[in-house]
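Enquirer: Got a structure for you, questions after.
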Amino acid sequence: MDSGAVFAGLHPNPPSHHLLLRSSQTAIKLINPLCTDKKLFSSLQLQKQSRFASFGNHSNSNVNSLKVVSPASTVSFELADIDWDNLGFGIMPTDYMYIMKCSHGETFSKGELQRFGNIELSPSAGVLNYGQGLFEGLKAYRKNDGNILLFRPEENAQRLIDGAERMCMPAPTVEQFVEAVKATVLANERWIPPPGKGSLYIRPLLMGSGAVLGLSPAPEYTFLIYVSPVGNYFKEGLAPINLIVETEFHRATPGGTGGVKTIGNYAPVLKAQGAAKAKGYSDVLYLDSVHKKYLEEVSSCNVFLVKGNLISTPAIKGTILPGITRKSILDVALSQGFQVEERLVTVDDLLDADEVFCTGTAVVVSPVGSITYLNKRVSYGNEGVGRVSQQLYSALTSLQMGLTEDKMDWIVELK
Ligand SMILES: Cc1ncc(COP(=O)(O)O)c(C=O)c1O
């Protein structure tokens, strides 16, 4: 199926009249509008008229490119001329974004790459008024041999489909999602950090973009993907983070939407997270809202406890996001000889644990140095990186970066 991607836009440093990139199924034309070809030029004009094509003033087209040779190989690639040694986890405008739309009751069919920029929305768009929106997060890594790797993108596609069902939205198929991700990454290739410097964070959004007034599903939906080069999520890097157990606010309730990645789950955690940060903690660990004693997760990552050879994590029961890193770590841990269990984990179990760590696409595997609950602080591994956390971090990142053999068939290569 052709899910994607013809589109138009300016390459900041167009290497030639136009450039053809090939993903596995889709040919993507990057068109230089300075060319005289009338057909190509009219495609640009058309795109400029589209509702989402307003080129924002955040475009990064004035960033130059460098041609570099990977230190670990002889492969050369084009890189944006930015400070690759000091990437944090922040938004950096890149070259292109992907957009695909469909009406309520229809299915997505064809999307396009456009220059990255601001989008135009009706003030009464469903997403702005009623929070009808979902997002995803995954990463692309640049390998020493020049290849570009995605980690389990079909899992993100399926989670978006599951979330869309809950939020009464149409969703792209798994194949459309993966093709659109590939197209967006390839179009922004010069923003993928060099090996070992970070990754390209990929942010797919699905939103009710059509106008509504009374509460109902929006009449139109937009699937959009943008990307940004990133380094570590927590300023601590792989150094242990300090968490506080939240006893007043809850992230999710039974029957609610905690188990899907809807945008409405995130602003409500800002207050607790902000208060925790003001007291010097890295983030908040949430408890279940009924018994107030079972661990759920952190604001944007899942949590694991280690006791001897046993690794435990709270079971998925509708209030916890089923993390793709969580699922992968359970398999990696099993393959490394650990026992794993998904169960109800109590806050008291924290007292007894040898190590605690968090997992997520953004945080990868993040060791926890201490947890504070009702003014009592429990420390782990002398607040250094625990042995198991380190071992699982290395195993997972080696796989994601293509440094070890992919026996699980999790890696999607783009070239
Ligand atoms: C609330 C929440 N929990 C857990 C995760 C981890 O999920 P994943 O491993 O798929 O990134 C995320 C990140 O997306 C999240 O937002």
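Enquirer: Between residue 175 and residue 154, what length in nm is gained on full extension when 0.36 nm per residue of separation is reduced by their alpha carbon distance? Present the calculation step by step, with values, prior to reporting the outcome.
Expert: Details: separation 21, 0.36 × 21 = 7.56 nm, distance 0.78 nm.
That works out to 6.8 nm of additional length.
Enquirer: What does the C-alpha gyration tensor say about the overall shape of the range 258-415? Classify as rounded when a/c is under 1.5, otherwise prolate if a/b is larger than b/c, or oblate.
Expert: On the way: a/c = 1.65, a/b = 1.34, b/c = 1.23.
It comes out prolate by the Cα gyration axes.
Enquirer: Would the range 165-277 count as rounded, prolate or oblate if I go by the C-alpha gyration tensor, calling it rounded below 1.5 in a/c and otherwise prolate when a/b exceeds b/c, oblate otherwise? List each step's numbers first, then the result.
Expert: Working: a/c = 2.49, a/b = 1.03, b/c = 2.41.
Note, shape of the range 165-277 comes out oblate.
Enquirer: Also, I was wondering about something else. So, R0 is 45 Å and r is the distance between the beta-carbons of residue 247 and residue 147; what FRET efficiency does that work out to, to 0.05? Let's see the in-between values first.
Expert: Values: r = 47 Å, r/R0 = 1.05.
Plugging the Cβ-Cβ distance into 1/(1 + (r/R0)^6) gives 0.45.
Enquirer: Under the rule of at least 5 residues apart or a separate chain, name every residue whose amide H is placed under 5 Å from the amide H of residue 299.
Expert: 284
Enquirer: Starting from the 7 Å offset along Cα-to-Cβ, what nm value, one decimal, do you get for the label separation of residue 343 and residue 64?
Expert: Placing both labels 7 Å along Cα→Cβ, they lie 6.0 nm apart.
Enquirer: Sorting check: for 358-366, 239-247, which peptide has the highest mean count of neighbouring beta carbons within 10 Å, and how do the rest follow?
Expert: 358-366, 239-247
Enquirer: A follow-up question, please. Find how much the distance from residue 109 to residue 352 grows on full extension, using 0.36 nm per residue of separation minus their present alpha carbon separation; answer in nm with one decimal.
Expert: Working: separation 243, 0.36 × 243 = 87.48 nm, distance 5.22 nm.
Fully extending the segment from residue 109 to residue 352 adds 82.3 nm.
Enquirer: Need one number: nm distance between label points at residue 406 and residue 129, each 7 Å from Cα along Cα→Cβ, rounded to one decimal.
Expert: 4.4
Enquirer: Please tell me which of these pairs span more than 29 angstrom C-alpha to C-alpha: 293/327; 67/261; 110/197; 67/182?
Expert: Pairs exceeding the cut-off: 67/261; 110/197.
Enquirer: If packing is taken as the average count of other Cβ atoms within 10 Å, what order do 160-167, 173-180 fall into, highest mean first?
Expert: Numbers: 160-167: 18.6, 173-180: 21.6.
With the highest mean Cβ count within 10 Å placed first, the list reads 173-180, 160-167.
Enquirer: Here is a further query. Work out how much length residue 336 to residue 391 would gain on full extension: take 0.36 nm times their residue separation and subtract the Cα-Cα distance, in nm to one decimal.
Expert: On the way: separation 55, 0.36 × 55 = 19.80 nm, distance 0.93 nm.
Taking residue 336 through residue 391 to full extension adds about 18.9 nm, to one decimal.
Enquirer: Sticking with the crude label model, points 7 Å out along Cα→Cβ, report the distance from residue 309 to residue 293 in nm, one decimal please.
Expert: 3.1
Enquirer: Can you run phi through the Karplus equation (6.51, -1.76, 1.60; θ = phi - 60°) for the range 129-138 and list ³J(HN,Hα) in whole Hz, with x for Gly and Pro?
Expert: These are the phi-based 3J(HN,Hα) values: 8, 10, x, 7, x, 9, 9, 9, x, 8 Hz.
Enquirer: Given the peptides 373-380, 196-203, 221-228, arrange them by the average over their residues of other C-beta atoms within 10 Å, most packed first. Working shown, then result.
Expert: Working: 373-380: 12.9, 196-203: 20.4, 221-228: 24.1.
Highest to lowest by the protection proxy: 221-228, 196-203, 373-380.
Read-outs: derived from the displayed coordinates by stated rules, not from any lab. Everything quoted here is computed from the prediction, not taken from an experiment. Positions of Cβ are backbone-derived with ideal geometry, glycine not excepted, and every protein chain shown enters the neighbour counts.
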